[in-house]
Amino acid sequence: MCGIVGYVGHSAGRVNTGHNALDVVLEGLRRLEYRGYDSAGIAVVADGTISSRKKSGKLSNLIAELEASPLPDSLTGIGHTRWATHGGPTDLNAHPHLADEGKLAVIHNGIIENFAELKLELVRKGVDFKSETDTEVAAALLGDIYRNQVHGSSKGDLTKAMQLACQRLEGAFTLLAIHADQPDVVVAARRNSPLVVGLGDGENFLGSDVSGFIDYTRRAVELGQDQIVTITADTVEITDFYGAPAEGKEYHVDWDPASAEKGGFPSFMEKEIHDQPDAVLQTLLGRSDVNGRLTLDELRVDPELLKHVDKIIVLACGTSAYAGQVAKYAIEHWCRIPTEVELSHEFRYRDPIVDENTLIVSISQSGETMDTLMAVRYAKEQGAKTVSICNTNGSTIPRESDAVLYTHAGPEIAVASTKAFLAQITAAYLLGLYLAQLRGNKFQGEIKDILADLNKIPAKIQRILDNEAQIKELGQSMADAKSVLFLGRHVGFPVAMEGALKLKELAYIHAEGFAAGELKHGPIALIEEGQPVFVVVPSPRGRDSLHAKVVSNIQEVRARGAKTIVIAEEGDEAVKAYAEHVFYIPETPTLLAPLLSTVPLQIFALALASAKGYDVDQPRNLAKSVTVE
Ligand code: M6R
């Protein structure tokens, strides 16, 4: 939630980098806007004063404001794009917030939990608050501390003031501050919220993630928990909240800015749906040898510990949790380890049974989801081993986990997750196969065969994409639908829920995914004449008469007037008689089918929402990374 950018350009005596802070910060905000788009704002230091502009609504509103009322050229600036928590999405509540008589500007991502008591204290000191935000309280506190440092000729120290302020703040925050009296400096702090440093040549950057500065540098530095960083054009100094020096970990960002562009597609979401063959391929690449032996070198958990795992708990939220539910079927089948999947926020606040033989597998595209981070921390405290499946290098969840298996989907910008979902399922399968290999649950030949099937998936996804016109047309023709239901069994059940989530997020219509077998226990009462029902049908070549059961379920809803839309395997003629529309996907083993059957549902939601004229990349009320609990 909230995108944050900071920049300091060249200092005296160095070659001019040619960057105006305004341009750098605006470009960063454009790339970070997916994190929140309720308002945007920017502040720069120039000629010994702070100048700022802020506007509710999308970044384009701020840009229009800046055209009408330009900011001065500057070498130091900060910018913010907001997902509202405290106070509605108004101009007044937009960041930056000013303090110290307009000489200090602060932006913030997170929630200051003790803001009410701090506000009371500051009001008693005479502070007049203008907004409803917790951020303005943090700004006022910082301003108050800074001002108290200034005595006669002794100047204030923004870094020191930030340290003292952070000692008083509770909750989750990334804070960035600039002060008119220290024009060459941006000071930032982080606790439980993301912040990365970008290292330039004669310029340095700060961002909620690397996309905030990817146009300028690929050298990034991870910050730890409860750290403060002070950047100038030439220096980066990191301390803890008490001033003790700390080290950041430098890493190279291996994706290029072009991969975070639309690549000729009308939206990021459409581009990312089309990235999916590559997302799966890249996630599989280099993870096994020619004999089909898995070599997950990055999984640094002692193999002996993994052999003794007696329970797996997958923790995630939203789409990532559906990836976990798909993974459960495969992991239990391949490894015979009891596997639970739980929403992180539910796990954290019940009294779960976790011990040193529990393996926690967290799944998160962003690696910053606060609910999941808190659940992972809690599990670690209970002695569990933690593995993170994550798409964002250097983010907090993998950093705090014992091991990480990165998905290599590339940057996912659209708020609705697509390619990360398929990459998460792929990575979870690799983890399951690795555990099966380690524990001897599967012969090497069996693992090799499954890997061979997995390696065929990218080409099969491409075939679905090549035939997307039919599902797009259906989506466009259903723009007036008020409600769509999705049914599936076995791995088709989480796929049905993911299909429903995509439609809710993008098209703002009622959509629900059900286990097809559950239908007769209640949900079938929803069926009336013309109700659209998607059914994800398992392969007729699968086991346990699953196919026949789902075909019966289609008949049950159709008999009650439903308009049935079926996703089935090529060659499955049996479903035709009961379906108004059939979309065929290539043959694949049942457990791997979600990597294919999800794709038409994504395209359907995209087409329907686009037909309604909605912004599919930035749906209302949402943000890409949910960094508050
Ligand atoms: O970054 P994460 O994978 O941890 O995010 C989890 C959910 O917030 C995310 O999947 C959300 O449900 C998406 N908007 C779904 O499209």
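The values are calculated or read from the model by the stated rules, or taken from the named source; none is laboratory data. These figures come from a predicted structure and were not determined experimentally. Here the Cβ positions follow ideal geometry from the backbone for every residue, glycine too, while neighbour counts run over all protein chains shown.
Restricting attention to segment 379-407, and to residues there that are surrounded by fewer than 21 Cβ atoms within 10 Å (Cβ to Cβ) and among the basic types (K, R), which single residue is nearest to the ligand (Cβ to nearest atom)?
Out of the qualifying residues, it is R399.
Tell me which residues, restricted to segment 616-629, are out of contact with any strand residue (DSSP E or B) (no Cβ under 7 Å at 6 or more places or on another chain) and touching a residue at least 60 places away in the same chain (Cβ under 8 Å). Break it down stepwise before answering.
Applying the first criterion (out of contact with any strand residue (DSSP E or B) (no Cβ under 7 Å at 6 or more places or on another chain)) to segment 616-629 yields 616-626, 629.
Within segment 616-629, V616, D617, Q618, P619, R620, L622, A623, K624, S625, V626, E629 meet the criteria.
Determine if segment 565-583 includes at least one residue that is within 36 Å of the chain's Cα centre (by Cα), assigned to a strand (DSSP E or B), in the same structural domain as G499 (by TED's automatic domain parsing) and over 18 Å from V599 (Cβ atoms).
No, segment 565-583 contains no residue that is within 36 Å of the chain's Cα centre (by Cα), assigned to a strand (DSSP E or B), in the same structural domain as G499 (by TED's automatic domain parsing) and over 18 Å from V599 (Cβ atoms).
Report, ordered by the first and then the second residue, all pairs with beta carbons closer than 9 Å, sequence separation of six or more or different chains, a first member in segment 328-339 that is within 15 Å of L306 (Cα to Cα), and a second member that is of a type in the set (K, R) and outside any helix (DSSP H, G or I).
W334/K442; C335/K442; I337/K311; P338/K311; T339/K311
Six or more apart or on different chains, Cβ atoms under 6 Å: show the pairs whose first residue is in segment 407-435 and in contact (Cβ under 8 Å) with a residue 60 or more places away in the chain and closer than 19 Å to K460 by Cα and whose second is part of a loop (DSSP other than H, G, I, E, B) and away from the ligand (no atom under 14 Å from the Cβ).
K419/D275; L430/R287
Of a type in the set (S, T, Y) and surrounded by fewer than 21 Cβ atoms within 10 Å (Cβ to Cβ): is that true of S154 in this structure?
Numbers: of a type in the set (S, T, Y): yes; surrounded by fewer than 21 Cβ atoms within 10 Å (Cβ to Cβ): yes.
Answer is yes for this residue.
Here's a check for you: in segment 279-327, which residue that is free of Cβ contacts under 8 Å to residues at least 40 places away in the same chain and under 24 Å from I397 (Cα atoms) is farthest from the chain's Cα centre (by Cα)?
E304
For V361, are the conditions met, namely being closer than 30 Å to R489 by Cα and in contact (Cβ under 8 Å) with a residue 24 or more places away in the chain?
So V361 fits the description; yes.
Could you grab the pairs with beta carbons closer than 8 Å, sequence gap of 6+ or different chains, first residue in segment 234-247 and more than 17 Å from G198 (Cβ to Cβ), second one loosely packed, with under 12 Cβ neighbours inside 10 Å?
T239/P245; F241/Q167; Y242/Q167
For residues in segment 408-423 being more than 8 Å from the ligand (Cβ to nearest atom) and not aliphatic (A, V, I, L, M), which is farthest from P257 (Cα to Cα)?
Across segment 408-423, the extreme among qualifying residues is K419.
Of all residues in segment 285-330, how many are surrounded by fewer than 19 Cβ atoms within 10 Å (Cβ to Cβ) and closer than 19 Å to K456 by Cα?
7
Does any residue of segment 459-471 turn out to be outside the structural domain of D289 (by TED's automatic domain parsing), touching a residue at least 12 places away in the same chain (Cβ under 8 Å), closer than 21 Å to H581 by Cα and within 16 Å of the ligand (Cβ to nearest atom)?
no
Output yes when any residue across segment 472-485 is outside the structural domain of H274 (by TED's automatic domain parsing) and either within 15 Å of the ligand (Cβ to nearest atom) or touching an Asp or Glu at 6+ places or on another chain (Cβ under 7 Å) (or both), and no when none is. Talk me through it step by step, then tell me what you get.
Applying the first criterion (outside the structural domain of H274 (by TED's automatic domain parsing)) to segment 472-485 yields 472-485.
Then keep just the ones that are either within 15 Å of the ligand (Cβ to nearest atom) or touching an Asp or Glu at 6+ places or on another chain (Cβ under 7 Å) (or both); that gives 485.
The answer is yes, given that some residue of segment 472-485 is outside the structural domain of H274 (by TED's automatic domain parsing) and either within 15 Å of the ligand (Cβ to nearest atom) or touching an Asp or Glu at 6+ places or on another chain (Cβ under 7 Å) (or both).
Please verify whether segment 3-15 includes one or more residues that are of a type in the set (K, R) and under 25 Å from K262 (Cβ atoms).
Checking segment 3-15: not a single residue is of a type in the set (K, R) and under 25 Å from K262 (Cβ atoms).
Do any strands (runs of 3 or more DSSP E) entirely within segment 79-183 hold 1 or more residues that are in contact with a strand residue (DSSP E or B) (Cβ under 9 Å, 6 or more places away or on another chain), β-branched (V, I, T) and over 24 Å from L26 (Cα atoms), and if so, which?
104-112
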